[in-house]
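Here the structure comes first, spelled out in structure tokens, and everything after it is commentary.
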Amino acid sequence: FELGSRWNLDPLLLAGLGAALLLARRSPRPGLAMAAVGVLALAFVSPLCALSVALFSARALHHLLLVTAAAPLIALAWPAARPGAPGLSLAVATAVLWAWHLPALYDAALAGTGVYWLMQATLLGSAVWSWRAVFAAPPLAGGLAAILGMAQMGLLGALLTFAARPLYAAHFGTTEPWGLAQLADQQLAGLLMWVAGIIPYALAVALIGRRAWRGGLPA
């Protein structure tokens with residue numbers, strides 16, 4: 001099919017994004033909040049959403065947009081009121097991300113609308129919680145949490161990259177029309193998570209270090 005024509009114009013989705021855009025204007029940092037809405041629109045409205053049904057690599061990019069782009073933007077746009085320890089939220093976000101990449105849960109998400117949106121909501125929600133805690137924590141704790149987040153993302157990507165066989169039944173036969181064997185598509189997805197997926201965490205470490213240097217965060 002013509003990918004460029006596969007925009008998701010579901011009325012409920014567009015209404016939700018419109019409401020999010022209105023809410024973004026009330027954020028303490030409206031520019032960041034509207035950027036987050038833009039990332040969500042790219043993930044759910046653009047043809048990337050349709051492509052992610054066929055290609056696991058596109059699904060990996062879709063998840064990265066939620067977890068490492070929209071979530072930290074939301075966390076910065078609506079910062080936590082008080083500092084806290086980021087360990088629990090990081091553990092929950094990591095568990096949610098890894099759970100949805102278990103073959104049984106992933107295949108279930110692509111097979112049913114309710115489970116699909118549960119996947120999206122829990123990935124985004126847990127990631128926002130984790131990023132808010134990272135940015136609100138003292139520099140040492142926040143930087144360490146970001147490094148651990150980077151490590152778990154890289155490890156998941158490496159496991160997918162070096163898997164000896166295709167893992168996801170949902171993509172059996174869906175990748176060949178795009179010129180990719182299923183295992184090659186899975187390896188590309190792993191590389192995206194392993195390489196591109198760790199960049200936002202490295203940027204977070206740099207941001208936390210910069211704030212600490214300028215005295216913007218408590219010691």
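Points to keep in mind about this one:
- Pair list, Cβ < 6 Å and 6+ apart or interchain, from the range 208-219 residues that are closer than 17 Å to residue 146 by Cα and of a type in the set (Val, Ile, Thr) to residues that are surrounded by 10 or more Cβ atoms within 10 Å (Cβ to Cβ) and modelled with pLDDT of 80 or more: 208/139; 208/142; 208/143
- Hits in the range 35-64 (condition: under 18 Å from residue 132 (Cβ atoms) and not small (Gly, Ala, Ser)): 37, 39, 40
- Screening residue 165 with (1) more than 16 Å from residue 203 (Cα to Cα); (2) part of a helix (DSSP H, G or I) gives one miss only, at (2).
- Residue pairs whose Cβ atoms lie under 8 Å apart, sitting 6 or more positions apart in sequence or on different chains, and linking a residue in the range 193-205 that is of a type in the set (Ser, Thr, Tyr) to a partner that is open to solvent by less than 50 Å² (accessible area, probe 1.4 Å), are 201/68; 201/146; 201/149; 201/150; 201/153.
- Single residue of 189, 141, 146 found to be in contact with a Lys or Arg (Cβ under 8 Å, 6 or more places away or on another chain) and of a type in the set (A, V, I, L, M): 189
- A count restricted to the range 82-98 and to residues that are assigned to a helix (DSSP H, G or I) and surrounded by 14 or more Cβ atoms within 10 Å (Cβ to Cβ) stands at 10.
- Among the candidates 170, 184, 204, the residue that is of a type in the set (Gly, Ala, Ser) and either over 22 Å from residue 103 (Cα atoms) or in contact with a Ser or Thr (Cβ under 7 Å, 6 or more places away or on another chain) (or both) is uniquely 204.
- Verdict on residue 133 being of a type in the set (Gly, Ala, Ser), in a helix (DSSP H, G or I), in contact with a Phe, Trp or Tyr (Cβ under 7 Å, 6 or more places away or on another chain) and open to solvent by less than 30 Å² (accessible area, probe 1.4 Å): no
- Search result, residues across the range 110-130 that are among the aliphatic types (A, V, I, L, M) and surrounded by 15 or more Cβ atoms within 10 Å (Cβ to Cβ): 110, 115, 118, 119, 123, 124, 127, 128
- Scope the range 10-63; condition open to solvent by 20 Å² or more (accessible area, probe 1.4 Å), within 13 Å of the chain's Cα centre (by Cα) and within 18 Å of residue 101 (Cβ to Cβ); matching residues: 61
- Comparison of 151, 184, 206 shows that the only residue that is modelled with pLDDT under 95, surrounded by fewer than 20 Cβ atoms within 10 Å (Cβ to Cβ) and not in a loop (DSSP other than H, G, I, E, B) is 206.
- Neighbours by Cβ (under 8 Å, 6+ apart or cross-chain): first from the range 14-33, under 16 Å from residue 76 (Cβ atoms) and at pLDDT 95 or above; second open to solvent by less than 30 Å² (accessible area, probe 1.4 Å) and hydroxyl-bearing (Ser, Thr, Tyr): 33/27
The values are calculated or read from the model by the stated rules, or taken from the named source; none is laboratory data. Nothing here was measured: the structure is a model prediction, and the numbers come from that model. Counting neighbours? That spans all protein chains shown, and the Cβs are built from the backbone with ideal geometry, glycine included. The area values use the complete protein model at the heavy-atom level, side chains included, leaving out ligands, DNA and RNA. Shrake-Rupley method; radii C 1.70, N 1.55, O 1.52, S 1.80 Å.
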